[in-house]
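Working notes, structure below.
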Amino acid sequence: MVSCMVKFESTENRPRVVFLSSITISVVLGSLFLFGALLVNLSRGETAYTQVDMAAGSIFVFVITMIISLSLLPKVTEKLENRAKSEKILK
């Protein structure tokens, strides 16, 4: 079993880590969306999506994933910290 343990030096670093993680997740998912749109255009003989559609879709995916990840990641990090603390107490 692989355990994922998140350790923060202090609670002051948490907002920065959450923000950087959110940006990373958003960039990755936006890139995956753009890559998928490009693959669809290449696989069909004709253009399925215009460049404007792909750019707007990528920006939309980026913004939506930023909103979702910024609302979920603080809860996830807190649960991981609490789990690590409880495991440390039990040992």
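The values are calculated or read from the model by the stated rules, or taken from the named source; none is laboratory data. Computed from a predicted structure; not experimentally measured. Here Cβ is always computed from backbone atoms with ideal geometry, including for glycine, and neighbour counts include all displayed protein chains. Remember, those area values only see protein heavy atoms, side chains included, never the ligands or the DNA or RNA. Shrake-Rupley method; radii C 1.70, N 1.55, O 1.52, S 1.80 Å.
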Take region 38-49 and flag every residue that is open to solvent by less than 70 Å² (accessible area, probe 1.4 Å) and either of a type in the set (Val, Ile, Thr) or under 21 Å from the mean Cα position of the chain (by Cα) (or both). Val40
Name the pairs: first residue in region 53-72 and more than 14 Å from Ala37 (Cβ to Cβ), second residue of a type in the set (Phe, Trp, Tyr) and open to solvent by 70 Å² or more (accessible area, probe 1.4 Å), Cβ to Cβ under 9 Å, at least 6 apart or on different chains? Leu70/Phe19
For region 59-82, check the following and say yes or no: at least one residue is more than 19 Å from the chain's Cα centre (by Cα) and open to solvent by 100 Å² or more (accessible area, probe 1.4 Å). no
So which pairs qualify, if the first residue must be in region 15-43 and closer than 11 Å to Met66 by Cα, the second must be among the hydroxyl-bearing types (Ser, Thr, Tyr) and at pLDDT 95 or above, the Cβ gap must be under 8 Å, and the two must be at least 6 apart or on different chains? Ser22/Thr65; Ile25/Thr65; Ser26/Thr65; Leu29/Thr65; Gly30/Thr65
Some residue of region 15-37 being open to solvent by 60 Å² or more (accessible area, probe 1.4 Å) and either assigned to a loop (DSSP other than H, G, I, E, B) or charged (D, E, K, R) (or both): yes
